[in-house]
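What follows draws every value from the coordinates through simple rules; no lab data is involved. Worth saying up front: this structure is predicted, and the values here are computed from it rather than measured.
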Amino acid sequence: MDSAYDAGMSKIFRILVPLIIVAALGGGAWWFFHRQPTDDALVLYGNVDLRQASLAFNGAERIAEVLVEEGDMVRKGQVLARLDTSRLAPQVEQAEATVASQQAALLQLKNGSRPEEIAQSRANLVSAQADALNAKAQFERQRLLTASATASKQDLDTAKAAAAVADAKVDVAQSALALSVAGPRIEEISQSEAQLRGSQAQLALVHQQLIDAELLAPFDGVIRSRLMEPGEMAATSKPVFSLATRGIKWVRAYVSETNLGHLRPGMRATIATDSFPDQPLDAWIGFISPVAEFTPKSVETTDLRTSLVYEVRIFVDDAKDVLRLGMPATVQLLPDAEPHKIDVKP
């Protein structure tokens, strides 16, 4: 009987011991994944993100040169590509000639009549007055001859018309002299100035188009993608390069509301990656989202998949350019360290 009892107890122990071990492991796992981290051990997981820009020409023309390759480091203001300017250069010359012509015309109006022009107008008036006196004398002679029946009525009418024409020429010469002395009207100068401004604006536009024929790097960065080649037709909607920034990058992570109170802007942290686990980078919290959102698909932990979380960006000055877009990273927060000074812009 004792043997049967011992056998039964042994069988029970063989069943219970594994169950107890499994229960202990399950409880430990539950505690590990649901424990509330303290300020001294808050760790976040996320992916490296950075600013990047798609660079396109500000105009439509055929690409003449592409000067950089994928992976090249470029500096702000560096020429990356050029358009064909064979059709644009003559437009610049034409606009410059138009501006020069209108500047000369405006200067002529502002200077008014030259002394020689006024003297010529006076001489024309004297000549017209002399012609008028002569025509008047001819008319008087014909009138006397007609009265004595020596000349015909037709000759008298002809002389009378010639005298009237001569008087009209005197009036024209007097008006011309007055205009020469007075100079151009203010309205004419204003009109010429407006035409000049329009031509100068057109010249500035074609000059800017010539400048835009060179695609410049807007900031220091790395060429991520070279999307077009020489001979292709550029357009404002067709990027030629994808340019990624160097220097300041960040890790995009998410925290639940229960852990949100442990975070504050400027809190120091370190960032480690699988590629450089023993070379953590100094970082700081630069952004905490004020709006909750559902956990993104990239977060797959069971306790966060259906939760509302807050986005956090942990910034890092990656001077050596070791972080890559999308690289997984581990963020160790340092609540006791001196906080990073964040510039507050108005």
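A few points about this structure:
- The range 94-101 - phi-based ³J(HN,Hα) in whole Hz, Karplus 6.51/-1.76/1.60, Gly and Pro as x: 5, 5, 5, 5, 4, 5, 4, 5
- Residue by residue, the range 279-287 carries 3J(HN,Hα) couplings of 10, x, 9, 5, 8, 7, 6, x, 8 Hz when phi is fed to the Karplus relation 6.51 cos²θ - 1.76 cosθ + 1.60 (θ = phi - 60°); x denotes Gly or Pro.
- Estimated translational D of the range 226-279 in µm²/s (Stokes, Kirkwood radius over Cα pairs; 10 °C; 1.306 mPa s): 98
- Amide H contacts of ARG62 (H built 1.01 Å from N, under 5 Å, at least 5 apart or other chain): ASP84, ALA234
- 5 angstrom amide H check on LEU216, placed H, neighbours 5+ away: LEU80
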